[in-house]
There are 2 protein chains.
Amino acid sequence: MTRRLIGVGVGPGDPELLTLKAHRILSTADVVLVPATEASGDGPGRAERVLGAACPEAVGRIVRVPFSMSDPAGVTARRAAAWQTSAAVACDAFAVGAQAIAFATIGDPSVYSTFSYLADAVLERFGDVEVEVVPGITAMQALAAASRTPLVEGDERLGLVPIKKGVGDLAQTATEVDTVVAYKIGRHYAELCSYVSSLGEEASAVVGVNVGTPEQVIGSPDDFDQVPYFGTMIITGPRAQRGGRL
Amino acid sequence: MTRRLIGVGVGPGDPELLTLKAHRILSTADVVLVPATEASGDGPGRAERVLGAACPEAVGRIVRVPFSMSDPAGVTARRAAAWQTSAAVACDAFAVGAQAIAFATIGDPSVYSTFSYLADAVLERFGDVEVEVVPGITAMQALAAASRTPLVEGDERLGLVPIKKGVGDLAQTATEVDTVVAYKIGRHYAELCSYVSSLGEEASAVVGVNVGTPEQVIGSPDDFDQVPYFGTMIITGPRAQRGGRL
């Protein structure tokens, strides 16, 4: 039997937003790795909480591994060590007989996840492993659905931009698309709101915090003084008036 | 009881890529509307085929409605008539006692779907209806997963561009993002391949046709002479060399 390492997207937080495939794989994998963040301390991280609600049968097979931010441009020694630790956990499990190991990630493993680094680190140590990816619903999609904001229609173009370093990249991208979604908006929220104001009345924006969880809050930019790091904003019509510039 | 109209994304084609929520709602709705395309003739359209495989219990409650392309910039009389016909079917069902009507759409109702037009047309005729949206996995995500191509990592930016009218918009958007995804690539496939070639060796591309269906084909641009209308291409690193221009 081929050994399998499967990156599984568990969606944004709502246990019902797992796919049937994600549910089947997480329910039957020999081991389910979940990222444990420093923020979550000794408690479960977000992926583990979703898993507990959606797949209680997986709980006895969960193993926490160190979380590391997805940032290939700035791979620090600490981050590389985190992937290697996670890879070692997976390889040890394969060595003692595991056939299928799942790595549960919030959202989609193809969108700002670290799964590809984990997979590469496992393949370096243990060549004979088949890697699979199961897509998941992203926060952007969950916010669009919950707020009934179509992301794109007809010939429209969509952009997705994380604003960890400020609003400059977002404003540039917005000149080329009809809807632009900002991820990781917490740190630069005031700057982002100023940018949205500069777009004029034909643009509109909706903000989502903890979308799909019991703590979900959705509103307009003015409804929030500040938002946590992982907040999301959908900005519709940034090109409607060309005046929108930083 | 409040009447509910629910736009439900059924994913790209694989019945296992429905969410648990989509499955629950489609299994229990009083009526399930599915778009019937001219291309599908008297047979089931794509959403109906997914539904038949994923939710056999829904089959007896399926009603086909005319499909119309999502194109707010070019609303033809024929398209508007299609939405009105669909809205009339929904309103007739509410009038005879239906409490929950689902509209099944391939992919995600927030991404190039006509659900928002249907919802608006229903609300015009029948004010007392609660509209909900259940997100779904898009072709872009399914292709990324099946080909193990991360869409974005770290601080990277993503663009999604339909190329019904040619490659110009895509090439413009690609100057601002790290990965650009092209939808509806069939008609302009040769032009798209020329553009990808112009990007140089640091860019790469993967093409998916019928991703998530039994007819799925995934390959590099050179693997295809032509692709159907609904093909998808992920282009990674279009900015790696700035030479990539039309």
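The values are calculated or read from the model by the stated rules, or taken from the named source; none is laboratory data. Because the structure is predicted, anything quoted here is derived from the model rather than measured. No Cβ is skipped: glycine too gets one built from the backbone with ideal geometry, and neighbour counts run over all protein chains shown. Note: areas computed on protein heavy atoms with side chains; ligands, DNA, RNA excluded. Shrake-Rupley method; radii C 1.70, N 1.55, O 1.52, S 1.80 Å.
Points worth noting:
- Selection within the range A:3-47 - open to solvent by 30 Å² or more (accessible area, probe 1.4 Å) and in a helix (DSSP H, G or I): A:15, A:16, A:20, A:21, A:23, A:24, A:28, A:46
- Every condition in (1) crowded, with 17+ Cβ neighbours inside 10 Å; (2) touching a residue at least 40 places away in the same chain (Cβ under 8 Å) holds for residue A:221 except the one numbered (2).
- Some residue of the range B:224-231 being surrounded by 21 or more Cβ atoms within 10 Å (Cβ to Cβ) and either assigned to a helix (DSSP H, G or I) or in contact with a Gly (Cβ under 8 Å, 6 or more places away or on another chain) (or both): yes
- Inside the range B:79-111, residues that are open to solvent by less than 30 Å² (accessible area, probe 1.4 Å), more than 28 Å from residue B:12 (Cβ to Cβ) and either among the polar types (S, T, N, Q) or within 14 Å of another protein chain (Cβ to nearest Cβ) (or both) make up a count of 0.
- Only one of the numbered conditions (1) closer than 28 Å to residue B:185 by Cα; (2) buried (at least 24 other Cβ atoms within 10 Å of the Cβ); (3) touching a residue at least 60 places away in the same chain (Cβ under 8 Å) is violated by residue A:114, and that is (1).
- Criterion (over 18 Å from residue A:106 (Cα atoms), assigned to a loop (DSSP other than H, G, I, E, B) and hydrophobic (A, V, I, L, M, F, W, C)) met by exactly one of A:177, A:196, A:207, A:211: A:177
- Tally, over the range A:180-193, of residues that are surrounded by 24 or more Cβ atoms within 10 Å (Cβ to Cβ) and part of a helix (DSSP H, G or I): 1
- Residues that are in contact with a helix residue (DSSP H, G or I) (Cβ under 6 Å, 6 or more places away or on another chain), within 23 Å of residue B:144 (Cα to Cα) and β-branched (Val, Ile, Thr), drawn from the range A:1-49: A:6, A:8, A:10, A:19, A:32, A:34
- Flag not set for residue B:139, criterion: among the small types (Gly, Ala, Ser) and open to solvent by less than 20 Å² (accessible area, probe 1.4 Å).
- For residue B:202, the conditions (1) at the interface with another protein chain (Cβ under 9 Å from one of its Cβ atoms); (2) within 25 Å of residue A:131 (Cβ to Cβ); (3) touching a residue at least 12 places away in the same chain (Cβ under 8 Å); (4) in a loop (DSSP other than H, G, I, E, B) are fulfilled apart from (1).
- Residue match in the range B:127-136 (condition: farther than 24 Å from residue A:158 by Cβ and part of a helix (DSSP H, G or I)): no
Here's the yes/no breakdown for (1) without any contact (Cβ under 8 Å) to a residue 24 or more places away in the chain; (2) facing chain A (nearest Cβ under 7 Å); (3) crowded, with 22+ Cβ neighbours inside 10 Å; (4) not basic (Lys, Arg):
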site	(1), (2), (3), (4)
B:118	no, no, yes, yes
B:122	no, no, yes, yes
B:125	no, no, no, no
B:130	no, no, no, yes
B:134	no, yes, yes, yes
B:143	no, no, yes, yes
B:148	yes, yes, no, no
B:163	no, no, yes, yes
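- Residues being surrounded by 16 or more Cβ atoms within 10 Å (Cβ to Cβ), modelled with pLDDT under 95 and under 18 Å from the mean Cα position of the chain (by Cα) are represented in the range A:70-78 by at least one member.
- Within the range A:150-161, the set of residues being at pLDDT below 95 and open to solvent by less than 10 Å² (accessible area, probe 1.4 Å) comprises A:154 only.
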